[in-house]
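Colleague: This is the structure I want to talk about, given as structure tokens.
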Amino acid sequence: MDQIANLDDSPERPWPYLWADFIEIVCLSTLDKVATAQTLRSGYLGQDVSGEDTELFDDADLDLANGADARPRRADKFERLIDDGFQHAEDRQRQFGNLYPFEVDKSARRLSLKTPLSEGNKLYVALLLSANHKYLPGQQHALTTGFEVISWHALKALLPTESDVRLAGTTHANSPIGIPSASSRKPDKLRGMVALARTGAEINDAQFWPNDTADEGADLFAVVPFGEPETAEEIIVLGQCATSNENWGPKQNDASPQKWAPLLGMPVPNMNFLFLAASPRQYGNKFERGVVRSGHAVWVDRQRILKRLNKLVERTATPASALMSTKVWDLVTKAVEASDIVAEHPTGHSQHTALV
Amino acid sequence: MPDAIDAKKVRSIAVDSLALDPENPRLPADRKGAGDPSIIEWLYENADVGELMLSIGGQGYFPGEPLLVTTDGAPAGKFIVVEGNCRLAATKLLNNTGLMTKPPKAVREAADTATFKPIELPCIQFAARKDILKYLGYRHVTGVHPWDALQKARYLRQLRDLYPMPGEQWEQYKQLAREIGSRADYVAKLLTGLHLVDLVAEKRFFGIKGLDEERLNFSLLTTALSYSSICSFLGLENATDETAKNLDEERLKNLISWLFEEHKEGRTRLGESRNLKTLAAVVSHEEALQKFTDGLPLEEAENWTSLPEENFRDALSTAIGAMQRARDVVHRVQKTNDADIEMLKEMNQMVVALHSIVKDKRGSDQELGVI
């Protein structure tokens, strides 16, 4: 399915960046590409709020014990969080500048898609969809692997031009920018990395399961060469890509130097980058105070990816489509276009819903 | 609930004879009693009228959803539509876009391309407005066409005014709660909030630039009332003190300003709604309140409250809980990896660092022991 769906599955935490994303996704799901408080209230509020508890709406038991319906009070909470979301969207508009593809009128609680969209705006939409793949059933794999490609471009844009940047995931094994490897088995891929880093480390097959083809936790591998063939490379970057909008805590350690330096025999610790399709910021452009940072990973989130890639777009006139997979580009194109498809609206009214 | 709606009672009434409800709980106070054009403009901006124009214009009016009307309080020869105002507004606009002073392009296009422009609509007539009102609670408070918090509060007050209820005030709240399937404390809080909004409106929103009833986020105000310290600050006994006999108007002015007055970059002094907890802590500590009133940012004023200590202990408690969960499942984990070791090391380092800081603050020489 390539249609935005599951919109009754609103964020479970009160973090404004999650609610801003939710409003933006709802906006893309409508025919006229406009989300208002009314759209959100009438369409996606309280589809099933009297049963399951979530962290956010956690007081249903009290209602049920009183023979009451939790929906009215939950609706009020939803309204308040939506207001926070519109406010955060306005913050984003300021932080992202022209790269932000939406126009926000906070006092009217209205968010609409700009027209026409710049290449940078389309990149934003690609990252938004990647971080919210739960609203695109069946597209999780396409968006996850597609985000690795976008992250590859972002890492390449971050590092010096002579850097050798590779996609380390199994999906990209046969790609010219994948890790050169004798087979898809993990020890062979690690040998490929050792060769690129010229550390000379021995990889012992016995340490791995015979059929282990996983990526050991690194989606990206890069070398910034000193140009000395006789010495091991010392500037090594390992990156992990996370498309979920939250809960990426464990991924911060996947590319840590404590794990990788001994494995690949690196003479000095590698750099650990975490690429995030999400934009976990709060007012003042700091990272959201509720998220947990660990593993000493450098966070390259939506804002950082976008600003870096937009420089590339502007400098080289590279189209946004060249920075992502065909499938992701296809999803972006459909998301920003109006459609005549009419879907059944959850309230019972017919509503035009755009394909994405 | 009113009498069961009988399909036999459905009759067609000319659109021209149907008037929008000037007492519609959706409408802000400044639109109450206004004529159809003013109400239509407001409904178009704030409800689903545009979508309904497309739907009715494209597919016709669905006869299974008759309007609920009454002549009670209506001008001679007219019917007031108590339920179905958005659908009536959409139909009226399909027939005459000139009802809006400056009809937007979307309205003109919807009317121009409409296949159907009903001149009559199916209606069920009730003798009195109040006979319909009870039905609205299910539809718009608990049901699938929810009003916002302020609209719900207005509705509840109308219901109470039209149906004088016996018993003490709390008993009345319970009866109202039963009508909408909710709880008495929720009803009481909404009505207390509405009373405060009325006072604020009387005071012309304390001269706060840009603030009016539509821009005042009512659910934010009622959530603030959920904090006993904020109620005490205002002079309310609690969130259900609807009469607010001892209300401190100067403090109400302060609260409204902190919650709704926009400063640099459109931010209020509260910021996000989740900061209400901090505000509640600040207003309950004299020194913190003074600092905040003097202009110190909320997050800095928080330092003069006990909230940092509470948050610190909450965080420690949560951390212990999480560690206990990890300990309970570790024996079932088949594969561990180096990243697990890294996280444990990081936790270890944090514990050592936190212990050192706490030890220094307490002037204690108690060692952590072997980790």
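The values are calculated or read from the model by the stated rules, or taken from the named source; none is laboratory data. The structure presented is a predicted model; accordingly, all values stated were derived computationally and were not measured. Every residue, glycine as well, gets a Cβ built from its backbone with ideal geometry; the counts of neighbours run over all protein chains shown.
Colleague: Of B:GLU213, B:GLU265, which residue is more than 21 Å from the chain's Cα centre (by Cα) and either within 14 Å of chain A (Cβ to nearest Cβ) or at pLDDT below 90 (or both)?
Modeller: The conditions single out B:GLU265.
Colleague: While we're looking at this one, here's another question. Answer yes if at least one residue in the range B:238-253 is aliphatic (A, V, I, L, M), surrounded by 17 or more Cβ atoms within 10 Å (Cβ to Cβ) and away from chain A (no Cβ under 14 Å), and no otherwise.
Modeller: For the range B:238-253, residues aliphatic (A, V, I, L, M), surrounded by 17 or more Cβ atoms within 10 Å (Cβ to Cβ) and away from chain A (no Cβ under 14 Å): present.
Colleague: Let me ask something additional. Report the residue count in the range B:179-190 for those that are within 18 Å of B:LYS134 (Cα to Cα), surrounded by fewer than 23 Cβ atoms within 10 Å (Cβ to Cβ) and at pLDDT 85 or above.
Modeller: Count: 1.
Colleague: Among the residues of the range A:106-121, is any within 14 Å of chain B (Cβ to nearest Cβ), among the β-branched types (Val, Ile, Thr), buried (at least 19 other Cβ atoms within 10 Å of the Cβ) and over 23 Å from A:SER325 (Cα atoms)?
Modeller: No, the range A:106-121 has no match at all.
Colleague: Only one of these is more than 30 Å from B:GLN59 (Cβ to Cβ) and in the same structural domain as B:ASN96 (by TED's automatic domain parsing): B:ALA111, B:ALA128. Name it.
Modeller: Just a single option satisfies the conditions, and that option is B:ALA128.
Colleague: Residues A:THR145, A:THR171: which one is outside any loop (DSSP other than H, G, I, E, B), among the polar types (S, T, N, Q) and touching a residue at least 40 places away in the same chain (Cβ under 8 Å)?
Modeller: A:THR145
Colleague: When the residues of the range B:149-178 are narrowed to those that are buried (at least 22 other Cβ atoms within 10 Å of the Cβ) and among the charged types (D, E, K, R), which ends up farthest from B:ASP48 (Cα to Cα)?
Modeller: The qualifying residue farthest from B:ASP48 (Cα to Cα) is B:ARG154.
Colleague: Is it the case that some residue within the range A:248-258 is hydrophobic (A, V, I, L, M, F, W, C), closer than 23 Å to A:ALA232 by Cβ and within 12 Å of chain B (Cβ to nearest Cβ)?
Modeller: Yes, because at least one residue in the range A:248-258 is hydrophobic (A, V, I, L, M, F, W, C), closer than 23 Å to A:ALA232 by Cβ and within 12 Å of chain B (Cβ to nearest Cβ).
Colleague: Still on this structure, I have one more. Being within 14 Å of another protein chain (Cβ to nearest Cβ) and buried (at least 21 other Cβ atoms within 10 Å of the Cβ) is true for just one of A:ALA214, A:ALA218, A:ALA222. Which residue is that?
Modeller: Among A:ALA214, A:ALA218, A:ALA222, only A:ALA218 is within 14 Å of another protein chain (Cβ to nearest Cβ) and buried (at least 21 other Cβ atoms within 10 Å of the Cβ).
Colleague: For the range A:287-302, enumerate the residues that are loosely packed, with under 15 Cβ neighbours inside 10 Å and among the basic types (Lys, Arg).
Modeller: Matches in the range A:287-302: A:ARG289, A:ARG293.
Colleague: Output the number of the condition that A:MET271 fails; it satisfies all remaining conditions of (1) away from chain B (no Cβ under 14 Å); (2) touching a residue at least 60 places away in the same chain (Cβ under 8 Å); (3) surrounded by 15 or more Cβ atoms within 10 Å (Cβ to Cβ).
Modeller: Failed condition: (2).
Colleague: Still on this structure, I have one more. Which one of the conditions (1) more than 26 Å from A:GLU234 (Cβ to Cβ); (2) among the hydroxyl-bearing types (Ser, Thr, Tyr); (3) surrounded by 19 or more Cβ atoms within 10 Å (Cβ to Cβ) does A:SER151 fail to meet, given that it meets all the rest?
Modeller: Condition (1) is where A:SER151 drops out.
Colleague: Here's a follow-up. Kindly indicate whether B:ALA201 is surrounded by fewer than 18 Cβ atoms within 10 Å (Cβ to Cβ), not in a loop (DSSP other than H, G, I, E, B) and not charged (D, E, K, R).
Modeller: yes
Colleague: Considering only the range A:118-137, how many residues are more than 16 Å from A:ILE25 (Cβ to Cβ), not polar (S, T, N, Q) and not in a helix (DSSP H, G or I)?
Modeller: Number satisfying all stated conditions: 0.
Colleague: Further question: Among helices (runs of 4 or more DSSP H) lying entirely in the range B:290-371, which contain 3 or more residues that are loosely packed, with under 12 Cβ neighbours inside 10 Å?
Modeller: In the range B:290-371, B:307-329, B:338-362 are the helices (runs of 4 or more DSSP H) which contain 3 or more residues that are loosely packed, with under 12 Cβ neighbours inside 10 Å.
Colleague: In the range B:330-340, how many are closer than 20 Å to A:TRP209 by Cα and at pLDDT 80 or above?
Modeller: Number satisfying all stated conditions: 6.
Colleague: Now, a different point. Go through the range B:239-287 and report how many residues are on the phi > 0 side of the Ramachandran plot and either in contact with a Cys (Cβ under 8 Å, 6 or more places away or on another chain) or in a helix (DSSP H, G or I) (or both).
Modeller: Number of matching residues: 2.
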